[in-house]
Amino acid sequence: MMKKTIIYAAIACIALAFIGIGSFKIWGSLENASGKQSVQAPDEDAIAESTEKVEGLEYARAVPEDASEKALLNMMHKMTHQKVVASEKWGLVRMNEESIAKAKQILQDSDFNSKEDLLEIIGRWESGQFDRVDEDHNYIWNLQGGSIGRATGILSVQQEQEFIRNNFSE
């Protein structure tokens, strides 16, 4: 009788271990499928590359009031380049009150599929909240079908100032 109890207990422990490992793997897969990744600190090379001069400077005032969703996503994506660490950055729009207001106006007058999510992002930017700007970048980047240049972090204030000097100084 005691032998059977030990065998059942051993089987139960093994089964629980497999269930635990399987749940952990499934949970990790669900997080990756939802776009979440484990956060790793950007390396120094990635940060240095992220503050360099980027070609393709554009101005928010050049974007028409009746811009398409594609044009707005392009503008907002390029705005985030000022604030994020990414392996590749193609194009930029200065992230300032003018560009944020322009994006908000276009969104408010639109019926874009992603309107509500983008208004939430613009609302954070408008109030100076950039603690999730890397996630904002990647959300917009995903909407655009991005495959190269995922944001891996947020530039420090000093790094952003270097980016601004390198890209927006006359």
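Every number in this text was worked out from the coordinates using simple rules, so none of it is lab data. It should be emphasised that the depicted structure is a prediction, and the values quoted were computed from it without experimental measurement. Here Cβ is always computed from backbone atoms with ideal geometry, including for glycine, and neighbour counts include all displayed protein chains.
For the stretch 77-83, just list the computed ³J(HN,Hα) in residue order, Karplus coefficients 6.51, -1.76 and 1.60, θ = phi - 60°, integers in Hz, with x standing in for Gly and Pro.
Coupling constants for the stretch 77-83: 4, 5, 5, 5, 4, 5, 10 Hz.
Taking amide H positions as placed in the peptide plane 1.01 Å from N, state which residues far from LEU92 in sequence (5 or more) or on other chains have amide H under 5 Å from it.
LEU57, GLU58
Compute from the Cα atoms of the stretch 46-143 the Rg and the Dmax, the latter being the longest Cα-Cα distance, and quote both in angstrom.
Spelled out, the Cα radius of gyration and Dmax of the stretch 46-143 are 12.6, 39 Å.
What list of ³J(HN,Hα) couplings, whole Hz, do you get for the stretch 95-103 from phi and the Karplus terms 6.51, -1.76, 1.60, once you set θ to phi - 60° and write x for glycine and proline?
8, 8, 4, 5, 5, 5, 4, 5, 4
Using +1 at the Cβ of each Lys and Arg and -1 at the Cβ of each Asp and Glu in the stretch 80-170, identify which of VAL93, LEU143, SER127 lies farthest towards the dipole's positive end.
VAL93
Enumerate the amide H contacts of ILE154 below 5 Å, restricted to partners 5 or more residues apart or on another chain; note that Pro and chain-start residues carry no placed amide H.
VAL85
Which shape class, rounded, prolate or oblate, goes with the stretch 93-144 when its Cα gyration tensor gives a ≥ b ≥ c as root eigenvalues, a/c under 1.5 marks rounded, and past that a/b bigger than b/c marks prolate? If you can, show how the numbers build up before the last one.
Working: a/c = 1.61, a/b = 1.06, b/c = 1.53.
Oblate is the answer for the stretch 93-144, as a/c is 1.5 or above yet b/c matches or exceeds a/b.
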